[in-house]
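Input: a single structure, listed below in structure tokens.
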Amino acid sequence: MYWQALRGRLLNRPTSYAGVTTMGVTVETGGKLAAQSDRRVNIVATRLYEYGNDRSLSGALYHVGNSLGLNMDTDTINQLENTYWTPGNEFFDFAATDSISALEMLQKITNAGKSYFLLSDGLASVGREGIKPWIGIISPQEMTTDLQTAFIAPSQDDYGGVDVTYVNGTTWAEEVVQCRTAGNPSPEKVESYNLDGVLSRDRAYQIGMRRLMKYRYQRLSFSLTTEMDAMCYNVGDRLVLTDDIPGDKTISCLIESVVTVGLVTTLTVSELLDWTFENPRVLIRYQDGTASGLITATQAGDYQLAVPYIPAFDSMVINDPVIEPPRLIFCASTRAGYDAIVSEIAPQHDGTCQVTANEYRSNFYIYDDAVYPGLPS
């Protein structure tokens with residue numbers, strides 16, 4: 001902030017100005033306002049949001065979204081604020097000096113909260129990245145093409161470290177956090193990553209270590225095509241993908257009948273089951289696209305199996321010509337398909353949906369509560 005001259009003195013002035021934040025400054029200086037230091041005032045200003053607390057991620061999202069007339073997913077945003085952002089002291093502190101798009105700003109805000117921006121059911125929403133349960137299954141019963149799996153082998157071109165540049169909230173100067181693993185303190189190739197909106201060294205380190213863990217361990221990617229089934233899900237959802245390749249110990253079936261007696265439910269399926277699998281388990285994909293957890297199964301016939309009763313079984317519709325039957329994945333306890341995070345769902349002109357996904361591992365997020373250990377020795 002600069003001034004060129006001081007003029008007059010207000011003998012009477014209002015105590016407040018509607019819609020305007022004011023600041024009073026007492027200037028003590030010499031007889032002239034010529035020196036550069038006499039004409040400059042440094043200020044750290046915090047925007048007061050109409051909705052949400054100042055510095056909060058939800059407040060920043062509402063400020064940008066409402067200024068554009070977006071329909072905001074208030075339930076999800078408030079839930080993330082109350083569950084993760086506020087308890088974790090995660091804030092968004094950013095001064096926009098350059099012209100950037102609204103989408104870039106929304107992505108900066110959510111990235112500062114270890115989350116991602118998305119559109120869901122016509123609403124501007126947010127998803128939290130991190131350890132999460134799977135919410136659905138895509139099996140060969142839903143696919144119109146075979147599941148394609150790609151593997152990236154480790155090489156010398158892989159990043160072995162990440163240098164995160166952020167603004168320190170105490171000195172207001174850019175600093176660099178070096179993200180390294182104990183086994184590789186001096187990597188050959190290091191990514192330089194700029195993190196906006198974060199003033200905490202520890203949070204900068206946590207976000208940088210997420211990136212490093214993915215560079216080290218995220219080796220698989222997937223692509224597949226379904227009809228409309230993929231529209232049950234969104235970007236960032238964790239899914240189980242199966243391919244039924246011999247040796248992978250998964251069998252995808254249709255559930256043809258459900259009979260419950262007491263606390264035991266007997267399911268009849270469309271495929272012959274292989275009970276030589278180690279400690280057989282089943283996953284059930286319900287007709288709304290959601291999925292059960294792993295369920296212990298016992299043999300009740302060549303095409304029958306018995307499982308503990310679950311109230312969700314009551315909602316399954318069987319033998320309806322309009323509604324497809326629910327799916328069952330028969331697998332070994334050691335492996336239940338591929339764990340994946342959806343990266344894109346692209347509807348095609350022929351009514352199908354192209355899905356791409358990346359490997360999911362819980363160890364991507366083992367540094368989410370870590371404290372920056374300092375420069376590697």
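With respect to ILE207, is the statement that it is aliphatic (A, V, I, L, M) and closer than 30 Å to ALA297 by Cβ true? Against the criterion (aliphatic (A, V, I, L, M) and closer than 30 Å to ALA297 by Cβ), ILE207 does not qualify. When the test is whether a residue is among the hydrophobic types (A, V, I, L, M, F, W, C) and either in contact with a strand residue (DSSP E or B) (Cβ under 6 Å, 6 or more places away or on another chain) or in the same structural domain as GLY169 (by TED's automatic domain parsing) (or both), LEU106 passes it. Within the stretch 39-88, how many residues turn out to be closer than 16 Å to ALA112 by Cβ, aliphatic (A, V, I, L, M) and out of contact with any helix residue (DSSP H, G or I) (no Cβ under 7 Å at 6 or more places or on another chain)? Final tally of qualifying residues: 1. If the condition is being of a type in the set (A, V, I, L, M) and under 17 Å from the mean Cα position of the chain (by Cα), then the stretch 213-233 contributes only MET213.
Residues in the stretch 179-229 that are small (Gly, Ala, Ser) and on the phi < 0 side of the Ramachandran plot: ALA182, GLY183, SER186, SER192, SER200, ALA204, GLY208, SER221, SER223. Looking at GLU271, GLU256, which is the one that is part of a strand (DSSP E or B) and among the charged types (D, E, K, R)? When all the criteria are applied, what remains is GLU256. Among the residues of the stretch 337-355, none is identified as among the aromatic types (Phe, Trp, Tyr) and touching a Cys at 6+ places or on another chain (Cβ under 7 Å).
The values are calculated or read from the model by the stated rules, or taken from the named source; none is laboratory data. This one's a predicted model, so the numbers in the text were calculated from it and none came from an experiment. Neighbour counts run over all protein chains shown; Cβ positions are idealised from the backbone, glycine included.
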